[in-house]
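Heads up, the thing below is written out as structure tokens.
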Amino acid sequence: MVFAVQDLHIEFGPRVLFDSLSFVVERGERIAFAGQNGAGKSTLMKCIVGAMQPDHGKVLLPLHTHVGYLPQDGIHISGKPLLDEVLGSVGNIVEIQQAVDELSAELQTLDSATEAYRETLDEIGHLELLLQDRDAASLRPRTESILRGLGFAAADFERDCGEFSGGWQMRIALAKLLLQEPEVLLLDEPTNHLDIQSQRWLEQSLRTYRGAICIISHDIALLDSLVTRTIAFHHGRAEEYSGNFSFYLKESKARKEILQRQAKAQQREIAKTQAFIDRFRAKATKASQAQSRIKQLEKIELIEVEDDDAVMSFHFPPPPPGGNTVVKLEKACKAYGPICLLKNYDFTMDKGDRIAIVGVNGSGKSTFTRLISGTEAPDAGKFSFGHHTEVAFFSQTHADVLNNEQTVLECVESAASRETRPLVRNLLGCFLFRGDDVFKKVGVLSGGERSRVALVCMLLKPANFLIMDEPTNHLDFQSQDVLQRALAEYPGSYCIVSHNRQFLDPIVNKVLEFRPGYAPRLFYGNVSQYIESVEAEERRLKAAATNAATAATVQSPATPANKKDARRARAQEREKRARVLKPLQQQLAQVEEDIAAKDARREEISAELEKPENVSDNQVLMTLTQEYQQLERETEKLYSQWEDISVEIEQAEAALNEEFGATAEP
């Protein structure tokens, strides 16, 4: 056992969060805390770590058990360089190493025959044993590896921690916890501020973590791959499930159905007993039996089935009709000081495009959304909206400009049009503002609540082009599901900056990847397919690098006969590589040529659709639109072929490298 919760009771006014909550966490367990926002998950973590005291009950921790806690927000670290701050979080290792260095320098000045020399040498030995026990030799490399995994560059290591924004502050706190390796990790939404690459790295790190982990997250993919036990909180009660999050969702539904059947069966029995009592109570011969049944009824413990929270739905206001081109950037450039984000970049978004924008933090994703929304101009180049494009933009900064004096309801109603005003109360309910919550002043809301209000204001605007920057960061599963279903049936176009794969996969058809120092790349398919493509590319590059390194190190000074054999072997290898790979590479080149041709034709059609003489000719519009849609379908098939051929090339190269690894040429 690493800790136990025993008879915990927590209440806020009349509301009871937990009543007699008890559970035990064993060493190495992976546990998800599940439940709606406000169910008490974060409060429970604060009680476990000692940041909050329960009204009754206690948390039992064995002596010397170290509990590490990552809250959702509220962390600000400053005053030290990043690397020193993280290194310094591991006991006093840095101070011990400095003491060893100072004593070693002092040792050089002492006579080896003196007592002072022997005492100094003993002290150095003692301190080095402490460092060895704490694996100090690998501390700095481990720290740098963790920081890089969480997205920090080597140039960041000497920056003061106070220079980093809130999301990066959370990464610093997470890095310190991972370096400390406490026996228990309590993680409250650890992936909220991580990009896809950092999420993948963290997921791998947590899988191999030696201690126990309790996690709160809205990232279903992470929970499913990591946790083996789920504790769900609902209406003051907790239920345990021996499985991951998807298992919990399925099992909780099955349990509910069983309970409903049991409750119905019990009600039938109660009705039969009551009918007997009503019929025979007045008869002297049956009176004793009737009294017995009455006592029996009084002892029955009724099976209670809690009502499900109302499942709400939302539909976007009908978007106004627009042209085939939604937005276009031509030779766009954007830089902030020495940091160049875009250089001579061309981008066209067509009607029906549903694009996920991904990439590491700081690579330009939010800047790009401001450019295509028209709220910020490129430094050079041209930006233009398509014919009748109407944009609705949700930015991470929009929550900061809300009127603090308005209530939530007043704020949202002021953003609604006459047509969308009837949707206000339902939409607020979808995004966790229910009952009296709508009468709270905006000024008293938390950061997450303000963000949800700003999102609701944006969703009420009729538009045919939606731009959303991290819309799910502060939404629970139910609200995410509402938004996801609304986007799935939305007939317009949209771009979404997000790293929530579970949310994005069913609703996007393209992925735009941002990488520092490179132009953005467009991938066809959803985020999971994008990740597969990137991983396949990484494997190909790694295999090529290994192949080149092996070839460069193969030096065989030998007799002329041996040299002749080596030349013959390399010739055979070149011949086989060409025979196996060349047809595949030719196929790949042809597919890429076909894709380029179809993309060029789509550009031509887009230009034709914008011409005034064609806009008014329904027959021409229909013909061009049908051709455009056919080209899109054919392009998607070509991209599938491209991926299949790429995988085939990768597999063939791997087999050839295994066969000819010792004689491979660059």
Query raised in the report: Among SER395, TYR518, THR228, whose Cα sits farthest toward the positive end of the charge dipole of the chain (+1 at Cβ of Lys/Arg, -1 at Cβ of Asp/Glu, about the Cα centre)?
Result: THR228
Report summary line: Quick note on GLU419, GLU376, GLU658, ordering by fewest other C-beta atoms within 10 Å, gives GLU658, GLU419, GLU376
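Can you figure out the FRET efficiency of ILE270 with VAL16, using R₀ = 41 Å and their beta-carbon distance, to the nearest 0.05?
Numbers: r = 28 Å, r/R0 = 0.68.
Working from the Cβ atoms, E equals 0.90.
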Requested in this report: Rounded to the nearest Å, what's the spacing between the alpha carbon centres of the range 348-427 and the range 576-620? Just the number, please.
Outcome: 32
Query raised in the report: To the nearest 20 debye, what charge dipole does the range 470-536 have about its Cα centre, counting +1 at the Cβ of each Lys and Arg and -1 at the Cβ of each Asp and Glu?
Result: 220
Query - Label-point gap, in nm, between ALA543 and ALA99 - each point 7 angstrom along Cα→Cβ - result: 5.3
Query raised in the report: Which of (1) 3, 15, 25, 27, 18, 9, 3, 0, 0; (2) 3, 13, 21, 23, 17, 11, 6, 4, 2, 0, 0; (3) 3, 11, 18, 20, 18, 14, 9, 5, 2, 1, 0, 0, 0 is the computed P(r) over Cα pairs in 10 Å bins from 0, in percent for the structure on display?
Result: (3)
Query raised in the report: Quick one: Karplus J couplings for the range 348-359, per residue in order, coefficients 6.51, -1.76, 1.60, θ = phi - 60°, nearest Hz, x for Gly and Pro?
Result: 10, 10, 9, 4, x, 5, 10, 10, 8, 9, 10, x
Report summary line: Only helices counted: for the chain, with every DSSP H run of 4 or more residues adding -39500 (n - 2.57) and the sum spread over all residues, [θ] at 222 nm is -16000 deg cm²/dmol
Query raised in the report: Among 251-261, 66-76, 464-474, 596-606, what's the highest-first ranking by average C-beta atoms within 10 angstrom per residue?
Result: 464-474, 66-76, 596-606, 251-261
Requested in this report: Find the relative contact order for the chain and round it to a whole percent, using C-alpha pairs within less than 8 Å whose residues are 6+ positions apart.
Outcome: 12
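Longer than 24 Å from Cα to Cα, which of LYS41/LYS256; LYS41/LYS253; LYS331/LYS510; LYS328/LYS510; LYS331/LYS351; LYS542/LYS637 are they? Say none if no pair is.
LYS542/LYS637
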Requested in this report: Return the whole-Å distance between the Cα centroid of the range 1-41 and the Cα centroid of the range 231-306.
Outcome: 26
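Quick check: residue separation of ASP278 and SER313 times 0.36 nm, minus the Cα distance between them. What number comes out in nm?
Length gained, ASP278 through SER313: 8.0 nm.
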Query raised in the report: So, in Å, what gap is there between the alpha-carbon centers of the range 72-119 and the range 516-548?
Result: 42
Query raised in the report: How big is the charge dipole of the range 250-299 about its Cα centre, in debye rounded to the nearest 20, if each Lys and Arg gets +1 on its Cβ and each Asp and Glu gets -1 on its Cβ?
Result: 100
Report summary line: antiparallel share of DSSP beta bridges within the chain, to nearest 5, in %, is 50
Query - Sorted by Cβ density within 10 Å, fewest first, the residues LEU186, LEU17 - result: LEU17, LEU186
Requested in this report: Order the peptides 646-652, 509-515, 617-623, 346-352 from the highest to the lowest mean number of other Cβ atoms within 10 Å of their residues.
Outcome: 509-515, 346-352, 646-652, 617-623
Report task. For the chain, give the magnitude of the charge dipole about the Cα centre (Cβ charges: +1 Lys/Arg, -1 Asp/Glu; no others), in debye to the nearest 20. Result -> 2420
Requested in this report: Could you sort 367-375, 452-460 so that the peptide with the highest average Cβ count within 10 Å comes first and the rest follow in order?
Outcome: 452-460, 367-375
Query raised in the report: Between ALA287 and GLU593, how many nm apart are label points set 7 Å from Cα along the C-beta direction?
Result: 10.5
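Rule-based calculations on the coordinates, nothing more; no lab input. Since the model is a prediction, treat every value here as computed from it, not as a measurement. So basically every Cβ, Gly included, is an ideal-geometry build from the backbone, and we count neighbours across all protein chains shown.
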